[in-house]
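K.L.:
Structure below; questions to follow.
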Ligand SMILES: [Zn+2]
């Protein structure tokens, strides 16, 4: 298929006019200037790589509006989230995720990392098919047409001291590291051969795993060559708990257990010390920022500028999905740093777009993705320069306008793996 785009962002500081993108079997095979060949598809507007939510819990979407107005802290919010998790069946989980993934696609998100820990029946008994809940997410992704990395998270303890799961956490737990590993390996077989589904693994947090568990999860990621994720230092209380139990910060514990490497993505990493950040940048690990969720939950403003300055690869996540708009996540990375540091232009617009695209694909194990170039998956999004957000912009400042002024309302068309899944703002599939 030959696509002709009026403009495209090819990674430079400006957009390029008249770009031909040739796609075969879901992969971009060539990118060039205007061609004599007749285009199969003509896309008006600005073509950008598909954006990525590298950290999502689809089921939290149901809390939208139901907790935003409440008081309390992160831990009070967590109670509400646990009540929601208690009665979700595989069918309800799939339907809810399909709706969320549809919303993501219409907003220009072409790939999602689902951080999945809702594994078992409410009393902790495995389903007949132990990966029934994970497969519900896979089916939801296939129904909606989004690219999915299912990140299977281990959740065995209720604190850094190794205490057993709370009653509300029973369905998250496999009961032991061996059982988790066996189920995760089975999940790898279940998704094998699916062109738009991949597997990642995670430990939920240093609160949910012992040091030995962390080492075992990292070993499995290495053994199967999978992305490795973890929530880290979202709240100061987690740091205190980890220091009390292990005498090191959460990041220090990851370094000591072999969890930090180039395959690792640290979600949030909000409350890290300078020493933590040295460990992170030295290891090649990336950081996934979730600014709208971190703001909603009162987590704090993370040191994005410090990570960027030391070369830590950044990605973005919609996390709780109280808001699904990766353009807003991009903008907030810059705006939070402006508010924190008292200066402007902390992150270059192109770098914000890279966090939302190539950074996300890297975090989710799609190594060549997130850029419009030969060899990349054909995940593409069109933003309308005549939208309310963008009308009147110039070619020269289009990249800044997309990163700092656009919203999901500017998205008109979306392609995933070469399939045209959103046309003129509407989903082509029925989810
Ligand atoms: Zn999360």
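K.L.:
Quick check on my filter: what residues within region 273-294 are within 19 Å of residue 55 (Cα to Cα), more than 12 Å from the ligand (Cβ to nearest atom) and touching a helix residue (DSSP H, G or I) at 6+ places or on another chain (Cβ under 7 Å)?
P.N.:
280, 286, 287, 291, 292
Residue by residue, here is whether (1) closer than 24 Å to residue 264 by Cα; (2) part of a helix (DSSP H, G or I) holds:
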| residue | (1), (2) |
| --- | --- |
| 351 | yes, yes |
| 362 | yes, yes |
| 366 | yes, no |
| 371 | yes, no |
| 374 | no, no |
| 390 | no, no |
| 400 | no, yes |
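K.L.:
Now for a separate question. In region 41-91, which residue that is assigned to a helix (DSSP H, G or I) and at pLDDT 95 or above is nearest to residue 204 (Cα to Cα)?
P.N.:
Restricting to residues being assigned to a helix (DSSP H, G or I) and at pLDDT 95 or above, the top hit is 58.
K.L.:
Another question, then. Counting only residues that are in a helix (DSSP H, G or I) and crowded, with 24+ Cβ neighbours inside 10 Å, which one in region 308-331 is farthest from the ligand (Cβ to nearest atom)? Lay out the reasoning, then the answer.
P.N.:
First pass over region 308-331, keeping only residues in a helix (DSSP H, G or I): 308-309, 326-331.
Imposing the further condition that a residue be crowded, with 24+ Cβ neighbours inside 10 Å reduces the set to 326-327, 329-330.
Details: 326: 16, 327: 20, 329: 13, 330: 18 Å.
So, considering only residues that are in a helix (DSSP H, G or I) and crowded, with 24+ Cβ neighbours inside 10 Å, the one farthest from the ligand (Cβ to nearest atom) is 327.
K.L.:
Kindly establish whether residue 346 is at pLDDT 95 or above, assigned to a loop (DSSP other than H, G, I, E, B) and either within 18 Å of the chain's Cα centre (by Cα) or under 20 Å from residue 226 (Cα atoms) (or both). So that I can check it myself, show each step before the final result.
P.N.:
Working: at pLDDT 95 or above: yes; assigned to a loop (DSSP other than H, G, I, E, B): yes; either within 18 Å of the chain's Cα centre (by Cα) or under 20 Å from residue 226 (Cα atoms) (or both): no.
In short, no.
K.L.:
Let me ask something else about it. Within region 218-234, can you find the residues that are in contact with a strand residue (DSSP E or B) (Cβ under 9 Å, 6 or more places away or on another chain) and either within 16 Å of the ligand (Cβ to nearest atom) or outside any helix (DSSP H, G or I) (or both)? Break it down into steps so the answer makes sense when it comes.
P.N.:
Step one: list which residues in region 218-234 are in contact with a strand residue (DSSP E or B) (Cβ under 9 Å, 6 or more places away or on another chain), which gives 218, 220-222, 224, 226-234.
Once the filter is applied, which keeps residues that are in contact with a strand residue (DSSP E or B) (Cβ under 9 Å, 6 or more places away or on another chain) and either within 16 Å of the ligand (Cβ to nearest atom) or outside any helix (DSSP H, G or I) (or both), region 218-234 yields 226, 227, 228, 229, 230, 231, 232, 233, 234.
K.L.:
Okay, next question. Looking only at residues that are touching a strand residue (DSSP E or B) at 6+ places or on another chain (Cβ under 6 Å) and outside any helix (DSSP H, G or I) in region 203-217, which one is surrounded by the fewest Cβ atoms within 10 Å (Cβ to Cβ)?
P.N.:
204
K.L.:
Looking at 123, 168 in this structure, which one is outside any helix (DSSP H, G or I), at pLDDT below 95 and over 19 Å from the mean Cα position of the chain (by Cα)?
P.N.:
On the way: 168 fails: outside any helix (DSSP H, G or I).
Going through 123, 168 in turn, the sole match is 123.
K.L.:
Kindly indicate which of 260, 266 is within 16 Å of the ligand (Cβ to nearest atom), outside any helix (DSSP H, G or I) and either within 23 Å of residue 63 (Cβ to Cβ) or in contact with a helix residue (DSSP H, G or I) (Cβ under 8 Å, 6 or more places away or on another chain) (or both).
P.N.:
The conditions single out 266.
K.L.:
Within region 235-257, how many residues turn out to be part of a loop (DSSP other than H, G, I, E, B) and either at pLDDT below 95 or within 16 Å of residue 159 (Cα to Cα) (or both)? Talk me through it step by step, then tell me what you get.
P.N.:
Filtering region 235-257 for residues part of a loop (DSSP other than H, G, I, E, B) gives 235, 247-249, 257.
From what is left, the residues that are either at pLDDT below 95 or within 16 Å of residue 159 (Cα to Cα) (or both) are 235, 247-249.
Residues flagged as part of a loop (DSSP other than H, G, I, E, B) and either at pLDDT below 95 or within 16 Å of residue 159 (Cα to Cα) (or both) within region 235-257 amount to 4.
The values are calculated or read from the model by the stated rules, or taken from the named source; none is laboratory data. Not measured: the values here are computed from a predicted model. Positions of Cβ are generated from backbone atoms using ideal geometry, with glycine treated the same way; all protein chains shown enter the neighbour counts.
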